[in-house]
1. Output the Kirkwood hydrodynamic radius of segment A:24-144, Cα pairs only, in Å rounded to one decimal.
2. Dimensions of segment B:155-304 along principal axes (Cα, Å, largest first)?
3. For segment A:380-393, just list the computed ³J(HN,Hα) in residue order, Karplus coefficients 6.51, -1.76 and 1.60, θ = phi - 60°, integers in Hz, with x standing in for Gly and Pro.
4. Can you tell me the convex hull volume per residue for segment B:56-204, based on C-alpha atoms, in Å³ to the nearest whole number?
5. Using the Karplus curve 6.51 cos²θ - 1.76 cosθ + 1.60 with θ = phi - 60°, work out ³J(HN,Hα) for each residue of segment A:37-42 in order, rounded to whole Hz, and write x for Gly and Pro.
6. For segment A:382-429, go through all pairs of different Cα atoms, get the mean of 1/r, take its inverse, and jot down that Kirkwood value in Å.
7. As an exercise, identify the trypsin sites (Lys or Arg not before Pro) in segment A:457-490 lying in DSSP coil whose Cβ has no more than 13 other Cβ atoms within 10 Å.
8. Report the semi-axes of the equivalent ellipsoid for segment A:343-398 in whole Å, largest first, where each axis is √(5λ) for an eigenvalue λ of the Cα gyration tensor.
Amino acid sequence: MFFLLFSFLFVDFTSAFSPKIINGILFFQFVPSFLKFINTLAVISIGFIVVFVLTLLFGRVYCSFLCPLGTLQDVLWNLASRFKKRKRFKFQPPRNLIRYSILGITIIILLFGSVLFLNLLDPYSLFGKISSNLFRPLWYFINNTGAWVLGKFENYSLYRVEMKSYSWASFGYSLGVFGLILWLVYKHGRLYCNTVCPVGAFLGLAAKFSLFRIRLDETVCNSCGICGSNCKAECIDTKNKKVDFSRCVGCLNCLTACPSSGVKFSVSRSKPVVEKTNSMDENPRRNFLKNATLVAGGVMTVAGDAFAEGLSDGKIPVKKEYTIIPPGALSIDHFTNSCTACHLCVSACPTHVIQPSLFQYGLKGMLQPYLDYHTHFCNFECTICSDVCPTGAILPIGLEEKKLTQLGISKFIKENCVVYTDEKDCGACSEHCPTKAVNMVFYKNDLKIPEVTKEICIGCGACEYACPTTPKSIYVDGNPIHKLAEKPKIEKIETEVNPEDDFPF
Amino acid sequence: MKRRHFIKTSMGAGVATSAAIAFGNIDVLFAGSPAPADLPYDLVAVRNGEPDVMFDKAIQSLGGMETFVKPGQKVVIKPNIGWDVSPERAGNTNPLLIKRIVEHCNNAGAKEVYVFDNTCDEWTKCYKSSQIEELAKEAGAKVVPRNSESYYREVDIPKGVRLKKAKVHELILDSDVFINVPVLKHHSSADLSIAMKNLMGVVWDRMYWHRNDLHQCIADYCTYRKPDLNVIDAYRVMMKNGPRGVSVDDVVTYKTLIVSTDIVAADAAAARVFGSAPEDIAYIEKAAALGVGTFDLSNLNINRIKL
């Protein structure tokens, strides 16, 4: 149920759930809630603390009951074992070097203000990417087939929806991770969670101190090995009657599997054997302080000319200096330092203007979303991305504030414009502009040509999207730090309409 | 009421059909609407009423909706639903007017009434904010999606000067009766958006028009299939910052409605309401030159109704 709900969030195109419900569903997601807490210090984002406390009490129950990627692995395992004889698990020694190296690197670069490893490895965000990039097209296909069939019967309750743009890098990465997980699940159950996943490694460290934990009752256990062969974390050493609880994902399958009640889930009596751990033991508050001071020093690199287009006869290429980030994302620094590329905003955006990036933010911001004005433009009356973002990379923004948030500024290239090259009216840019920052002014004869009033431009990209020329004659260059636009000047039209007047014809 | 309607309509249909056969005007038979000569007026203009009341009066003076819609026919209504704005902003056709037109079509025995527009802003939001989806459905219309290219079929426009081909929404191609219901408003590049400009919303690739002489393409398209009836909503009129508008302060309440089968005459009359000379609007002149209709209102038989 939970899993289906989660998947639905990432494939839905109808805004079926209100952002409040979505925020509720995502409350317990460890990394997003942690980042959002850093960003907002809001009580609403203390899901990660709850998870941490739960782990200290019961171990990594997050991994089995809350993590969508964990659930996805269980679903895959169940599907796989339907077709093949159920594979038996066997105790494996921990691969601590890889496990703690990844955790270490993740934390170190996080302290330096980069979320790259979380972006690439955080289980929630990976699940988001897999859902948004792999499952969503599938869902669209099913929906469109349904819409087509119903359409034949003149029923329009379903409508077709198109993948307006497709990021192959994002698709490729998601497919790669999905393939890797599929293979790991088949080979060694939850090996991803115990070797690659930084959240798993971190919670594993906490689980070493758990109050309740799984253990084998030496008086009852006869080392029959049944629990071990059912343990998808492969952490029960039945020979020595030991459980590596740092790797236990808390599925509790061993409890039901044991024929002689030899597996116990109870308060630990002995002091935990603390292995020599590196000093990466994370303390959220300390981390927050470190992070907050270091975030400011985060270095940004932005790929500049990702948008160069083909040219002919004296036309000028479009060169964007800065990538455009969603309203509420404050600045490229803030956004790239907090976004883990879960792609929930990509799925939720009604115009599909939000697309996964490749290197627009440099390597460190790989796959983080940006506004792609080739796909569409940012709807004036909408704040859905800021409402659903679970990490606070896009902070909640009121509609009125959004309408004045300047994401970038429109720049007009006269040499590319139809009015200049063909001496014919066009004005598609001005038509679409919600603030009339792009206005048509007299040019020659009766022709009108666009003119940009920068102060009231909010950089929504409507003009760029609508512009019919190649290369574009008008485009938005991003503001690396969002600014506040001026309100459009509003003058009441003073026209008296007298009902007694005759028709003007 | 229904039976009387039916008898009237079948008689009307019979007369129209025999007239069509007698005069050899096969187009009339195909389009399912009477030749302008059969109508008591070339153009009806109404003012000082609510949108629905003004339409009642206008259609009544043309012999009722039965003149245009025969029992069992499929009707497509094409409002302007271009923008994600509320009705007060006058960026979209008045939803009450659409509702009333749907009701008239159903009363005339239409088998099905469809409503759609190829919007500029995200279409589900436009359909909702305009309130057209809600009210049209209330009146029993099918509000149809527009967002996928697969709904559009390519057609030839042999008489077009610049626009030779266009991908047109299947409902425009497959319906018996086509009612065009634009809103009169200022337009930053086409000067005014009225009935002819509204037809940009039945094709898929609007941007081709913008790239290839907008005014000529607007006129060219009208040589392909003219609407059977044009109903121009000038209840609220956006006087500047069109076609999207910036605030309600762009809007003046004119409480006017114009109905005509001649799309050029309808646009000319609406231009006058706006305060512009029809000959100053390039596409009106170009359409007249292509023989689509006339913008010389002085020779038309106009019914002017003040409420």
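The values are calculated or read from the model by the stated rules, or taken from the named source; none is laboratory data. Everything numeric in this text was worked out from a predicted model, so none of it was measured. All Cβ positions, even for glycine, are placed from backbone atoms using ideal geometry, and neighbour counts span all protein chains on display. The protein model used for the area step is the full one, side chains on, heavy atoms only, and it has no ligands, DNA or RNA in it. Shrake-Rupley method; radii C 1.70, N 1.55, O 1.52, S 1.80 Å.
1. About 16.8 Å for segment A:24-144.
2. 40, 37, 29
3. 4, 9, 9, 9, 4, 4, 6, 6, 9, 4, x, 9, x, 4
4. That works out to 123 Å³ per residue.
5. Karplus values, whole Hz, x for Gly and Pro: 5, 4, 6, 10, 6, 8.
6. So the Kirkwood estimate lands at 13.8 Å.
7. Counting only loop positions with at most 13 other Cβ atoms within 10 Å, the trypsin sites (Lys or Arg not before Pro) in segment A:457-490 are A:Lys489.
8. 18, 14, 8
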